[in-house]
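No value in this document is a laboratory result; all are computed from the given coordinates. Since we're looking at a predicted model, the values are computed, not measured. Note that each Cβ is placed from the backbone with ideal geometry, even for glycine, and that neighbours are counted across all protein chains shown.
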Amino acid sequence: MSASSSVSSSPYHEKYHFKNQYEDYSEDKAKPYIDNNAVSTTNRITAKLAAKWGSMLDELKDWTSTDYSVYTGTAGVGLLFFRKNPNDTRNLRNIRKQYLQLEQLKNKRVTFLCGDCGPLALGAIVSYKLDDQKIYNFCIRKLTAFIKVVKNSSSDLPNEYLYGRAGFLYALLFVNRHVSPAPFSDAAITSVRVFPCPFHEFTCYCLQIVSAMLHSGEKLAKHLKIEKECPLMFQWHDSQYLGAAHGVSGIIYLLLQARKYLTEAELTNLIKPTISFLSTLRFPTGNFPSSLGPGKQDKYVQWCHGAPGFLYMYCEAYRVNITSIYPPNLLCMYLQSPDYFILPSSNTDKKISWQSPVLTLQFQTFGDKHYIYAAEKCADVIWFRGILKKGYSLCHGVAGNAYCFLEMFQTTKDERHLYRAIKFAEYCLDYTKQREECTPDRPMSLYEGISGPMYLLLDIQDPLNAKFPGFTL
């Protein structure tokens, strides 16, 4: 069975995406695009990037916004400029002056993407690089002021990325990545697990936030009476979402990225079985529903809902090296294929009986690589159904889906995934408004507008270090 037949699109699915007209990977097709695990310098993406950047700068001259968020506002454009020249003093000053609007923040939302914490986190990093201690301290104090409500597991604060605890924790960890010494330090994490917290109060704060997230997830799972098979469950607006933006896969992905704050018992007894449960929800097409509940339709293949969020979770779980989350019978159920198993590392399909000693050998040899099998399945879905009619955005467009292939490339070093990412990036380069289902409300923004594809075009020049902005640390 070919990958295309296993994830083929019905007319219903094609309501949401265009047919992928690109030829899939082969070594010969990839040669003009890839050179030594990087995008070839003669590739048209590299050649057209400067012109695209100049065009965007022209559009930004007349752009104003009272939205100061990373997601749809000025801070997201600032993050793009930071990605382009993170150490250029003139650029850093311009970011802080033009795009952060720190004095306009209203202390309303706590997250990196949609709240004050995105501008504050970026403001702290920029001020640190400019050696401006006054504004740096201001940003850190403001971030710290949110901790009291975030760490309170009894509050009604959700746990997801856009508006909840995951989004706040991301902001703290993002600052840690760019500031030394890290203000929200993990230096004493192991000790803090055993002793009181004399070492660094911010370490305790991060631990308390993670604990609040786990407590909330356990509480809801028990309320839904699913705690035996799924010890963690989260909800937003009374729905148990599953995708990256609002759902469990995104929350688990962040917790795995922040695994220094987790105990081995929490990884083994909470995270691992939750991933196993989520894996049973897969549609026969390889995609996932947007939320729990009966009658869910196989609709979305985009960062915020569907297979993309699960792909990140599986890749990060593979890095954690948790052993054997899928017993063979559950893995069989997951792949929806009792007669054969497809080895994703091969360029040709190989059918292996579930009773075959070869299959047993594969499990003994590969150990936890079934995470990669699951991620590969998601990647195929994204390749065939990821050219979205909604446009080229990060949140629900082609640029966001392209990052999935970069994540797979970083995880597997298989240049097939880099080739696929390049093809999706080319689509963004060639994008015309005639193909838009609707015009973005914030056409310059990071998550809904042109800044997202521009971020991708910068990142794809260094694919082994690319990071989905506001999501991957």
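Label-to-label distance, S239 versus K222, with points set 7 angstrom from Cα along the beta-carbon direction: 2.8 nm.
If the segment from D62 to A47 were pulled out straight at 0.36 nm per residue, it would be longer than the present Cα-Cα gap by 2.8 nm. Put simply, the amide H of G115, placed in the peptide plane, has neighbours under 5 Å in V70, leaving out anything fewer than 5 places away on its chain. The peptide list 450-456, 369-375, 23-29, put in order of mean Cβ contacts within 10 Å with the highest first, becomes 450-456, 369-375, 23-29. Scalar couplings 3J(HN,Hα) for the stretch 441-458, obtained by applying the Karplus form with A = 6.51, B = -1.76, C = 1.60 to θ = phi - 60°, are 5, 10, x, 9, 6, 6, 9, 10, x, 5, 5, x, x, 5, 4, 4, 5, 6 Hz; x denotes Gly and Pro. Provide the net charge surrounding A121, with neighbours chosen by a C-beta distance below 11 Å and charges set as Lys +1, Arg +1, Asp -1, Glu -1. Computed value for this residue: +1.
Taking 23 Å as the straight-line reach from the Cα of K97, the lysines in range (excluding those fewer than 8 positions away in the same chain) are K61, K84, K106, K108, K129, K134, K142. Taking a Cβ cut-off of under 12 Å around R442, the surrounding Lys, Arg, Asp and Glu residues balance to a net charge of -3, with basic ones at +1 and acidic ones at -1.
So between D430 and L464, what do we pick up on full extension, going 0.36 nm a residue minus the alpha carbon distance?
Values: separation 34, 0.36 × 34 = 12.24 nm, distance 2.40 nm.
Taking D430 through L464 to full extension adds about 9.8 nm, to one decimal.
Here's how it looks for G397: its modeled amide H is under 5 Å from those of W303, which are all 5 or more places away or on a different chain.
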